[in-house]
Amino acid sequence: MLSVLDQAYIGVLASEEPDEELELDYYDLFLNSVLYVPTHKMNEEERASVSEDDIAIVPVIVEDEGRQYIMLFDSKERLKEWTDGEAFEAVEMRGCDAINIFGAENYHMMLNVMSEHQKEFSLEEIQFLLSNIREEKKA
C-alpha cells in the first residue's frame with residue numbers, strides 16, 4: 001500500500017524535468033509527517049547518565065559503503081518489516097524533529113528502506129532542510 005510520502009515521492013520522480021515546487025512540497029510533507037526511528041535499548045546506567053531535561057535517543061545507525069545512515073519509517077508496519085523480528089525500540093517524531101536532532105551529525109538518512117519507494121536523504125539535502133527549518137523559525 002502506498003503511503004502519502006510514497007505518492008509524493010513518485011510525483012517528484014515522475015516529473016520529466018526537475019520541478020522545484022514538487023520537491024519543496026515533498027520536503028514539506030516529510031518534515032511534517034510522523035516518522036518512526038529505530039533505537040537501541042538503553043541500560044539503567046545509560047539512562048541514569050542523561051539529565052531530566054535531555055531526551056535520550058540512541059538511534060540504530062547502519063553503515064553502508066562508508067556512509068552512516070539513520071533509518072526512518074513512515075509506518076510501524078514498515079519498521080517491523082525492516083527489523084525482521086529483531087528487538088528494537090522506536091521513537092515517534094516528526095520529520096523536522098529528526099532533521100533537527102540528527103541532521104548536524106553528518107548522518108545520511110534513509111526513509112522506508114527495503115520498500116519500493118525508499119528515499120535516501122544526502123548530506124546536502126539534510127543541510128538544505130536544516131537551513132530552511134531554521135529560517136522558518138526565525139520568520
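The values are calculated or read from the model by the stated rules, or taken from the named source; none is laboratory data. A quick note: this is a predicted structure, and the numbers were derived from the prediction, not measured. Every residue, glycine as well, gets a Cβ built from its backbone with ideal geometry; the counts of neighbours run over all protein chains shown.
I'm trying to understand the selection: among the residues of the stretch 92-125, which are part of a strand (DSSP E or B) and more than 19 Å from residue 28 (Cα to Cα)?
none
If you take the residues of the stretch 1-21 that are assigned to a loop (DSSP other than H, G, I, E, B) and without any contact (Cβ under 8 Å) to a residue 12 or more places away in the chain, which of them is nearest to residue 34 (Cα to Cα)? First the steps, then the outcome.
Of the stretch 1-21, the ones assigned to a loop (DSSP other than H, G, I, E, B) are 1-3, 15-19.
This time we only want the ones that are without any contact (Cβ under 8 Å) to a residue 12 or more places away in the chain, so: 1, 15-19.
Numbers: 1: 17, 15: 26, 16: 29, 17: 29, 18: 26, 19: 25 Å.
Checked the stretch 1-21; the qualifying residue nearest to residue 34 (Cα to Cα) is 1.
Restricting attention to the stretch 108-121, which residues are farther than 22 Å from residue 84 by Cβ and modelled with pLDDT under 95? Working first, answer last.
First pass over the stretch 108-121, keeping only residues farther than 22 Å from residue 84 by Cβ: 121.
Correct list: empty.
Across the stretch 94-115, what is the total count of residues that are touching a strand residue (DSSP E or B) at 6+ places or on another chain (Cβ under 7 Å) and closer than 12 Å to residue 127 by Cα? Full working, then the answer.
First pass over the stretch 94-115, keeping only residues touching a strand residue (DSSP E or B) at 6+ places or on another chain (Cβ under 7 Å): 94-95, 98, 102, 107-113.
Going one step further and asking which of them are closer than 12 Å to residue 127 by Cα, we end up with 102, 107-109.
The number of residues fulfilling the criteria is 4.
Does the stretch 22-31 include one or more residues that are out of contact with any His (no Cβ under 9 Å at 6 or more places or on another chain), loosely packed, with under 11 Cβ neighbours inside 10 Å and not basic (Lys, Arg)?
no
What's the total number of residues in the stretch 70-112 that are surrounded by 17 or more Cβ atoms within 10 Å (Cβ to Cβ) and over 17 Å from residue 58 (Cα atoms)?
Residues flagged as surrounded by 17 or more Cβ atoms within 10 Å (Cβ to Cβ) and over 17 Å from residue 58 (Cα atoms) within the stretch 70-112 amount to 6.
If you go through the stretch 62-91, how many residues are acidic (Asp, Glu), without any contact (Cβ under 8 Å) to a residue 40 or more places away in the chain and either part of a loop (DSSP other than H, G, I, E, B) or under 18 Å from residue 121 (Cα atoms) (or both)? Step through it out loud before you land on a result.
Taking the stretch 62-91 as the starting set, the residues that turn out to be acidic (Asp, Glu) are 63-65, 74, 77, 81, 84, 86, 89.
Filter once more, so that each one left must be without any contact (Cβ under 8 Å) to a residue 40 or more places away in the chain: 63-65, 77, 81, 84, 86.
Then keep just the ones that are either part of a loop (DSSP other than H, G, I, E, B) or under 18 Å from residue 121 (Cα atoms) (or both); that gives 63-65, 84, 86.
So the count comes out to 5.
Taking only the stretch 31-59 into account, find how many residues are at pLDDT 90 or above and in a loop (DSSP other than H, G, I, E, B).
1
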